[in-house]
Amino acid sequence: MDLALQGNSGTRKLTVAEMFFKSIFKIGVVQNRNYFVCGREDLIDRKSEARTIFKMRKAFEHASGGVLVLDEAYTVLP
């Protein structure tokens with residue numbers, strides 16, 4: 001399942017995402033309480049592709065079976 005929340009800064013998108021996650025966990029859509037919020041610095045290493053791959057794998061492992069929230073997703077792409 002994919003979900004994108006769009007809006008201006010300060011409109012509590014992360015708060016809404018967390019509330020949504022709690023709801024889908026309660027009804028059994030996700031089986032795991034993993035809720036991991038990450039940003040560009042948690043995923044991308046400017047100096048090394050290998051370290052970028054390592055960081056991304058680590059983020060996916062943290063969120064495995066749960067929800068991965070990419071904060072400020074537009075910063076990941078050039």
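The values are calculated or read from the model by the stated rules, or taken from the named source; none is laboratory data. For clarity, every value in this text was computed on a predicted model and none was experimentally measured. Counting neighbours? That spans all protein chains shown, and the Cβs are built from the backbone with ideal geometry, glycine included. Note: areas computed on protein heavy atoms with side chains; ligands, DNA, RNA excluded. Shrake-Rupley method; radii C 1.70, N 1.55, O 1.52, S 1.80 Å.
Quick notes on this structure:
- Residue within region 6-16 that is surrounded by 12 or more Cβ atoms within 10 Å (Cβ to Cβ), free of Cβ contacts under 8 Å to residues at least 12 places away in the same chain and under 14 Å from the mean Cα position of the chain (by Cα) present: yes
This table checks each residue for (1) open to solvent by 60 Å² or more (accessible area, probe 1.4 Å); (2) modelled with pLDDT of 90 or more; (3) not hydroxyl-bearing (Ser, Thr, Tyr).
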{"site": "Ile24", "(1), (2), (3)": "no, no, yes"}
{"site": "Gly28", "(1), (2), (3)": "no, no, yes"}
{"site": "Arg33", "(1), (2), (3)": "yes, no, yes"}
{"site": "Phe36", "(1), (2), (3)": "no, no, yes"}
{"site": "Glu49", "(1), (2), (3)": "yes, yes, yes"}
{"site": "Phe54", "(1), (2), (3)": "yes, yes, yes"}
{"site": "Arg57", "(1), (2), (3)": "yes, yes, yes"}
{"site": "Tyr74", "(1), (2), (3)": "yes, no, no"}
{"site": "Leu77", "(1), (2), (3)": "yes, no, yes"}
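- Search result, residues across region 14-30 that are assigned to a helix (DSSP H, G or I) and not hydroxyl-bearing (Ser, Thr, Tyr): Leu14, Val16, Ala17, Glu18, Met19, Phe20, Phe21, Lys22, Ile24, Phe25, Lys26
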